[in-house]
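The values are calculated or read from the model by the stated rules, or taken from the named source; none is laboratory data. The structure displayed is predicted, hence computed values, not measured ones. When we count neighbours, we look across all protein chains shown, and the Cβ atoms used for this are built from the backbone with ideal geometry, even at glycine.
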C-alpha cells in the first residue's frame, strides 16, 4: 500500500459478503464491485435461492456472462460461490458443492432478512451438515441473529452462545459471523479459537440506530442486522482498525430499487458497492490508522478463506466527486447519496 | 360504564394530546376525534407554531369553524388550547395565555419532532416561565426527550432527571410527561409527587421497536418517541390498566399524508384517532381489566386538568368492520390499517 497526499495505491480488495441479485440488477451492480475488488463472495439468497452445486454453477455462469463487458478492462475479478444451508441440506449436497468449486455455505435464520424463508430455526439439527463442511473445508457463514427473539436489538447477542457452541463442537469448521454489529459480537469472535472470524460492513462503521430512526425515518439506512448503538459502532471501528486478522471486509452491499425502500413495507439493505473503499478511507483515516485499511480490505479475508492474495493494484486519486443520488434505471439510492467525496477510483 | 356482550357504553373520553394540523387536514381529522371525545388538548406545533394567547385564540376559532359541520350531531366537543414554550416565552405571555383560556404550555426539545425547531435546549433557563405557570395554574406538558443524546433509545430516560428536578423545584406546577414509552419513565412518574402525571398513547400500548424496524421497515409505525422494547411496552400496559390516576390517555394521533411517510426522509407520527378506543378495548380486555378503560380514557385526565367529567355517553356496538387502508384524499394511513375490528362507534 502506498499513500501520498494525492494518491492511495492498494491491493485489490476481497468483498467477503456481496449481494448481486439477478438479471438487469446483476448487470447493473457488478461493475461497481469489479473496479476495486479481486473477488467477492456471492450471497445465495436469490429468488429462488441457490441451494445446490448445480444452482451455484448456473448462477456463476450468469455472473460471468454479466461480467464480460467489464472484463475487457478488468481481467482478474472472480465470483466466489456459496450455497444456502437450509433444513433440507444434506452432507452429500455439501460434498458436491465443494467438489464443484463452491467455497462457503450461508446459514440464514428463517424469515430474518431478504429471501430467507428457507432459513434455519434449529441450529442443532444441522450437526451432520457442519460435520461435512468441516471435513471438506467449506466455510460456514452465519447471518448471526436468532429468528425467535421479539426484539431486533437482542437478536445478534442472543445468537452468540449458539455460534460459540458450534465453534467448540466443530473446531476445524471455519466459521464467519457475518456483518457483526454489536460490541458483544466482536468480543465473542475475538475470544473464540482461530477457526472463527467475522465480517464488518462499511455501513455499520458509519451508521447507528439514530441514522435510521433517531431523526426522520431513513429507509436507505435500514439494514439487517439493524445498525446498533453508538457504543457498538465504536467497538466495530476499534476492531476494524486493530489489525486483528479475524475481522475483515464484507460489504453486504444490497441493492434495492427506490420503490422497494420508500414504501409501507420497506426492504432491508444498504447499497455501498460504489463507495465501499471510500467509506473505509474515511473511517480508517479519521482513526489515524489508514495503514490498516489494506489488511482489512485486501488480506485478512483472503487468508481466512485460504486464497492467494490478489495481485492487481488499484489506485484512488484525490479528486472531489459527488456520490449520485441514485444509480441505475431502478433508482438504487446508495449510502452517502449526494455526499462529496475526496477520493476517486482511477 | 356498561359492558355487555353486544355493547360498551362509556363516558366520552378526553384526548389529552392531539395533533389536528390546519386547513384541509384539520377539517379531515376533527370528526374522527369528536365522535368519541368530549375534549382534546390541541398541540401547538403547527406551522408557524402557536406561541401566544392570540395565536391560540386564532387557532381555536379555526378549529371551532372546522367543527361546525360535525357539531350538528355532536354538541359538546371542545378543543383545549395550548401554547408552545420556547426560549423566547416570558411570564407575561404565560399570564396572558391563561387569561385567554389556554390551559397548558408544551415544551419540546429542540429539533426532536415535527415542527420543533423553536424547541428548548436549556430547561433551567425556563425557571421564570415555570414559576409563572405554577402561579397561574397553566399545566406544563413535556415532550420528554433530551435533545442532545446521540441515541434515540436513551433520550427519554435521560430526560427523567431533568423532569424530576423541575417537579421538586416547582411543587405546585402540574406537569405531564407526554407519551411515556419506557419502564423507567412510568416508574419515575409513579414515584414523583401528585403534581406529576403522564400520558400514554394507544399505539405505544401495541407497538414495540420490532414493529418499526424488526422485520420489514414500517414507516406508518414510526413515531417520536420511537416505540421501545417489549419489556417497556409491558410496563406501559401494566400501568395503563393499574387504575393509577397519574396515567391517562393522550393519543398523540398525528396524521401525515402517505407521501410524507413513504419517502427517503419520513415524518414521525401515527394516526390513531379513528380507532383509539378500539385499541384500548383490545389492550384492556386482553389484560382482563376492561373495567379500567373508562377511568384511563375518560376520568383521570379530566381530574388532573381540573375539568368536570364529560357528561356525554358514547356507545360501541359489537359489529365487525375493517379499518380503512387510508383516510382522506391525502391518504393518511392509520394504525391497524386493513385490520378487522369487532367494536364500532354507533
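Beta carbons closer than 6 Å, at least 6 apart along the sequence or on distinct chains, pair a first residue in the stretch B:304-333 that is over 15 Å from residue B:40 (Cα atoms) with a second that is modelled with pLDDT under 95 for B:315/B:346; B:317/B:346.
Scanning the stretch B:242-250 turns up no residue that is away from every other protein chain (no Cβ under 11 Å), buried (at least 23 other Cβ atoms within 10 Å of the Cβ) and more than 16 Å from the chain's Cα centre (by Cα). Being surrounded by fewer than 24 Cβ atoms within 10 Å (Cβ to Cβ), at positive phi and either in contact (Cβ under 8 Å) with a residue 24 or more places away in the chain or facing chain A (nearest Cβ under 10 Å) (or both) is a property that does not hold for residue B:214. Could we say that residue A:267 is surrounded by fewer than 24 Cβ atoms within 10 Å (Cβ to Cβ), over 14 Å from the mean Cα position of the chain (by Cα), within 14 Å of another protein chain (Cβ to nearest Cβ) and more than 23 Å from residue A:208 (Cβ to Cβ) here? No. Within the set A:235, A:227, the sole residue that is more than 7 Å from chain B (Cβ to nearest Cβ) and buried (at least 24 other Cβ atoms within 10 Å of the Cβ) turns out to be A:227. Considering only residues in the stretch B:104-163 that are over 18 Å from the mean Cα position of the chain (by Cα), in a loop (DSSP other than H, G, I, E, B) and modelled with pLDDT of 95 or more, the one that is nearest to residue B:194 (Cα to Cα) turns out to be B:137. Residues that are in contact with a helix residue (DSSP H, G or I) (Cβ under 9 Å, 6 or more places away or on another chain), surrounded by fewer than 22 Cβ atoms within 10 Å (Cβ to Cβ), within 14 Å of another protein chain (Cβ to nearest Cβ) and without any contact (Cβ under 8 Å) to a residue 24 or more places away in the chain: does the stretch B:191-209 have at least one? No: the stretch B:191-209 contains no residue that is in contact with a helix residue (DSSP H, G or I) (Cβ under 9 Å, 6 or more places away or on another chain), surrounded by fewer than 22 Cβ atoms within 10 Å (Cβ to Cβ), within 14 Å of another protein chain (Cβ to nearest Cβ) and without any contact (Cβ under 8 Å) to a residue 24 or more places away in the chain.
Filter the stretch B:143-162 down to the residues that are more than 14 Å from chain A (Cβ to nearest Cβ) and crowded, with 23+ Cβ neighbours inside 10 Å, then identify the one that is farthest from residue B:246 (Cα to Cα). Within the stretch B:143-162, the match that is farthest from residue B:246 (Cα to Cα) is B:159. Answer with yes or no whether residue A:262 is touching a helix residue (DSSP H, G or I) at 6+ places or on another chain (Cβ under 9 Å), within 14 Å of chain B (Cβ to nearest Cβ), surrounded by 21 or more Cβ atoms within 10 Å (Cβ to Cβ) and over 20 Å from residue A:16 (Cα atoms). Taking the combined requirement at face value, the residue satisfies it.
Condition test on residue B:94, is it modelled with pLDDT of 95 or more and buried (at least 17 other Cβ atoms within 10 Å of the Cβ)? The answer is yes for residue B:94.
When residue B:176 is tested against the conditions (1) within 14 Å of chain A (Cβ to nearest Cβ); (2) touching a strand residue (DSSP E or B) at 6+ places or on another chain (Cβ under 6 Å); (3) crowded, with 22+ Cβ neighbours inside 10 Å, the lone failure is (1). Considering only residues in the stretch B:270-289 that are in contact with a strand residue (DSSP E or B) (Cβ under 6 Å, 6 or more places away or on another chain) and within 24 Å of residue B:244 (Cβ to Cβ), the one that is farthest from the other protein chains (Cβ to nearest Cβ) turns out to be B:281.
Could you please let me know if residue A:332 is closer than 19 Å to residue A:222 by Cα, within 14 Å of chain B (Cβ to nearest Cβ) and at pLDDT 95 or above? The answer is yes for residue A:332.
Of all the numbered requirements in (1) within 14 Å of chain B (Cβ to nearest Cβ); (2) surrounded by fewer than 24 Cβ atoms within 10 Å (Cβ to Cβ); (3) closer than 23 Å to residue A:254 by Cα, residue A:220 misses one, and that requirement is (2). Answer yes if at least one residue in the stretch B:181-188 is in a loop (DSSP other than H, G, I, E, B), buried (at least 24 other Cβ atoms within 10 Å of the Cβ), more than 14 Å from chain A (Cβ to nearest Cβ) and within 13 Å of the chain's Cα centre (by Cα), and no otherwise. Checked the stretch B:181-188: no residue is in a loop (DSSP other than H, G, I, E, B), buried (at least 24 other Cβ atoms within 10 Å of the Cβ), more than 14 Å from chain A (Cβ to nearest Cβ) and within 13 Å of the chain's Cα centre (by Cα). From the list A:14, A:76, A:28, A:55, the one residue that fits, being part of a loop (DSSP other than H, G, I, E, B) and in contact with a strand residue (DSSP E or B) (Cβ under 9 Å, 6 or more places away or on another chain), is A:76. Per this entry, residue B:343 is counted among residues that are surrounded by 19 or more Cβ atoms within 10 Å (Cβ to Cβ), more than 21 Å from the chain's Cα centre (by Cα), at pLDDT 95 or above and under 24 Å from residue B:211 (Cα atoms). Taken together, the residues in the stretch A:39-48 that are at pLDDT below 95 and either touching a strand residue (DSSP E or B) at 6+ places or on another chain (Cβ under 7 Å) or within 13 Å of residue A:297 (Cβ to Cβ) (or both) amount to 1.
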